[in-house]
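As structure tokens, the structure follows; a few thoughts come after it.
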Amino acid sequence: MDRMQTGKIRPFSRVVIETTGLADPVPVMQSVIGHPALGQSYRLEGLVTVVDAVNGLSTLEVHEEARRQVAVADTLVLSKTAIAAGTGALLAHLLQIDDLGH
């Protein structure tokens with residue numbers, strides 16, 4: 001780690017950070033960007049948020065962190081679409097959140 005902090009080596013070309021399902025993404029992004037060694041060696045390329053098509057609508061209605069994840073995401077991925085009863089209401093809700101966030 002010492003050599004990475006001094007800028008003498010750059011061991012990875014990309015780093016993926018996976019948070020828990022209900023993590024607020026903004027402090028995580030700020031921690032990475034604001035870290036002296038990481039901020040010089042890496043740039044934030046994008047934020048991907050996975051939304052559960054079965055439980056996503058109820059999760060978004062109850063948890064502010066989930067709404068923030070959608071609002072700041074560059075890419076949304078819907079999981080479990082094959083077993084979801086329907087995604088129309090969820091997609092409409094995601095679009096509404098995205099419009100407010102961007």
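The values are calculated or read from the model by the stated rules, or taken from the named source; none is laboratory data. Note that this is a predicted model, so its numbers are computed, not measured. FYI the Cβ positions are ideal-geometry reconstructions off the backbone, even for glycines, and counts take in every protein chain you see. For the accessible areas, the whole protein counts, side chains as well, though only heavy atoms, and no ligand, DNA or RNA atoms are used. Shrake-Rupley method; radii C 1.70, N 1.55, O 1.52, S 1.80 Å.
Where the only charges are on Cβ atoms (+1 Lys, Arg; -1 Asp, Glu), what is the dipole of the chain about its Cα centre, to the nearest 20 debye?
Once rounded to the nearest 20, the dipole reads 540 debye.
Looking only at trypsin sites (Lys or Arg not before Pro) in DSSP loops with at most 15 other Cβ atoms within 10 Å, what is the longest site-free stretch of the chain?
With a cap of 15 other Cβ atoms within 10 Å, the longest stretch comes to 44-79.
Can you give the longest stretch of the chain with no exposed loop site, where a site means GluC sites (Glu not before Pro) in a DSSP loop (not H, G, I, E or B) with at most 14 other C-beta atoms within 10 Å?
Counting only loop sites that pass the neighbour cut-off, the longest clear stretch is 46-102.
At a probe size of 1.4 Å, how large is the accessible area of residue 81, to the nearest 10 Å²?
Counting only protein heavy atoms, residue 81 exposes about 80 Å² to solvent.
Over the chain, average the accessible area per residue using a 1.4 Å probe and give it in Å², no decimals.
For the chain, the solvent-accessible area averages 71 Å² per residue.
Sum up the charges of everything whose Cβ sits under 12 Å from the Cβ of residue 97, counting Lys and Arg as +1 and Asp and Glu as -1, but leave residue 97 out.
Net charge in that neighbourhood comes out at -2.
Expressed as a whole percentage, what fraction of the accessible surface of the chain belongs to carbon and sulfur atoms when a 1.4 Å probe is rolled over the protein heavy atoms?
Solvent-exposed carbon and sulfur of the chain make up 55 percent of the total.
Extension gain residue 19-residue 42, at 0.36 nm per residue separation less the Cα-Cα distance, in nm?
6.5 nm
Just name one of 34, 51, 79: the one whose Cα is farthest towards the positive end of the charge dipole of the chain (beta-carbon charges, Lys/Arg +1, Asp/Glu -1).
With unit charges placed on the Cβ atoms, the residue in question is 34.
Could you tell me what % of all Cα pairs in the chain have separations over 20 Å?
Of the Cα pairs, 46 percent sit more than 20 Å apart.
Rounded to the nearest 500, what is the chain's calculated 222 nm mean residue ellipticity when only DSSP H runs of at least 4 contribute -39500 (n - 2.57) each, over all residues?
So the calculated ellipticity at 222 nm is -13500 deg cm²/dmol.
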